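Visitor: Dropping a structure here in structure tokens format, bear with me for questions.
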């Protein structure tokens, strides 16, 4: 699985790299996932169940559930965030 951020369209698209196609789940919302203005940095949580996406334009952190490719929440993090780090405790 590969996730591609589209800064111009403000979304993230899941791609099946083995079959070279966009993931589509019958009966569920069709990706791409809207994530805020100008998404840039992407990172998985340690369990790889959530995808975290920083949006520079809107100053948000989008949280996407990987299993369903569904936007869980948007967290405001400040003006123009550039990068993302995940710390293990």
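Visitor: Out of all the residues in the range 26-43, which are in a loop (DSSP other than H, G, I, E, B), more than 8 Å from the chain's Cα centre (by Cα) and either closer than 22 Å to residue 86 by Cα or at pLDDT 90 or above (or both)?
Guide: The answer is 36, 37, 38.
Visitor: Among 64, 23, which is closer than 12 Å to residue 3 by Cα, in contact with a strand residue (DSSP E or B) (Cβ under 7 Å, 6 or more places away or on another chain) and at pLDDT below 90? Even if it seems obvious, please write down each step before you answer.
Guide: Working: 64 fails: at pLDDT below 90.
Only one candidate passes the filter, namely 23.
Visitor: Here is a follow-up. What residue, of 41, 85, is more than 15 Å from residue 5 (Cβ to Cβ) and touching a strand residue (DSSP E or B) at 6+ places or on another chain (Cβ under 8 Å)?
Guide: Result of the check over 41, 85: 85.
Visitor: Of the residues 4, 15, which single one is over 18 Å from residue 77 (Cβ atoms), part of a strand (DSSP E or B) and either in contact with a helix residue (DSSP H, G or I) (Cβ under 7 Å, 6 or more places away or on another chain) or at pLDDT below 90 (or both)?
Guide: Every option except 15 fails the conditions.
Visitor: Among (1) modelled with pLDDT under 90; (2) not in a strand (DSSP E or B), where does residue 81 come up short?
Guide: Going through the list (1) modelled with pLDDT under 90; (2) not in a strand (DSSP E or B), residue 81 breaks only (1).
Visitor: Filtering the range 45-59 down to residues that are in contact (Cβ under 8 Å) with a residue 40 or more places away in the chain and under 14 Å from residue 88 (Cβ atoms), which residue is surrounded by the fewest Cβ atoms within 10 Å (Cβ to Cβ)?
Guide: 46
Visitor: Looking only at residues that are assigned to a loop (DSSP other than H, G, I, E, B) and free of Cβ contacts under 8 Å to residues at least 24 places away in the same chain in the range 60-78, which one is farthest from residue 37 (Cα to Cα)?
Guide: That would be 67.
The values are calculated or read from the model by the stated rules, or taken from the named source; none is laboratory data. This structure is a prediction, so every number in the text was calculated from the model and none was measured. For neighbour counting, all protein chains shown are included, and Cβ atoms are generated from backbone atoms with ideal geometry for every residue, glycine included.
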